Amino acid sequence: MIAVVQRVSNASVSIESLVKSKINSGLLVLVGIEDADNDEDISWLASKIVNLRIFNDSEGVMNVSVKDNGGDIIVVSQFTLQASKRKSSFVHQSIQATGRYSIIREVCKRSICRTRKACSNW
């Protein structure tokens, strides 16, 4: 499993010119999941993402997580992160990995929403 995490002031995901998700301050996470990744791996990664202390505290030091600062997260399936070009130039996403992507979104959502009264549209 691979994740690319980017701190953003705003981000959105559009499909065929329709905005499917939009956030202000928070994290944009591109996730590549393999068949070998299990539920334990997904829980571990989701916990790492929501607890990464990459936002500034009151003293300007990166010491605050997205969970603590009230930010949001957009998680995007990016199976090409798992591509190995040594054997072939074809990249595919398995059905099993697709299902696990939904799980990581849900785990992140639960972690973030647990600390807030309201959550944005996931």
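The values are calculated or read from the model by the stated rules, or taken from the named source; none is laboratory data. Computed from a predicted model, the values in this text were never measured in an experiment. Here the Cβ positions follow ideal geometry from the backbone for every residue, glycine too, while neighbour counts run over all protein chains shown. For the accessible areas, the whole protein counts, side chains as well, though only heavy atoms, and no ligand, DNA or RNA atoms are used. Shrake-Rupley method; radii C 1.70, N 1.55, O 1.52, S 1.80 Å.
The set of residues in region 37-66 being in contact with a Phe, Trp or Tyr (Cβ under 7 Å, 6 or more places away or on another chain) and open to solvent by 90 Å² or more (accessible area, probe 1.4 Å) consists of 62 alone.
In the set (1) open to solvent by 60 Å² or more (accessible area, probe 1.4 Å); (2) not in a loop (DSSP other than H, G, I, E, B), the condition left unmet by residue 34 is number (2). Take the conditions (1) more than 15 Å from the chain's Cα centre (by Cα); (2) open to solvent by less than 70 Å² (accessible area, probe 1.4 Å); (3) modelled with pLDDT under 85; (4) of a type in the set (Phe, Trp, Tyr); residue 122 misses just one of them, which is (1).
If the condition is being at pLDDT below 90, open to solvent by 60 Å² or more (accessible area, probe 1.4 Å) and β-branched (Val, Ile, Thr), then region 1-26 contributes 2, 15, 19. All of 29, 91, 50 fail the test of being part of a strand (DSSP E or B) and either at pLDDT 75 or above or of a type outside the set (S, T, N, Q) (or both), apart from 29. When the test is whether a residue is on the phi < 0 side of the Ramachandran plot and modelled with pLDDT of 90 or more, residue 55 passes it. Do you know which residues across region 8-43 are in contact (Cβ under 8 Å) with a residue 60 or more places away in the chain and hydroxyl-bearing (Ser, Thr, Tyr)? Answer for region 8-43, where residues must be in contact (Cβ under 8 Å) with a residue 60 or more places away in the chain and hydroxyl-bearing (Ser, Thr, Tyr): 12, 21, 43.
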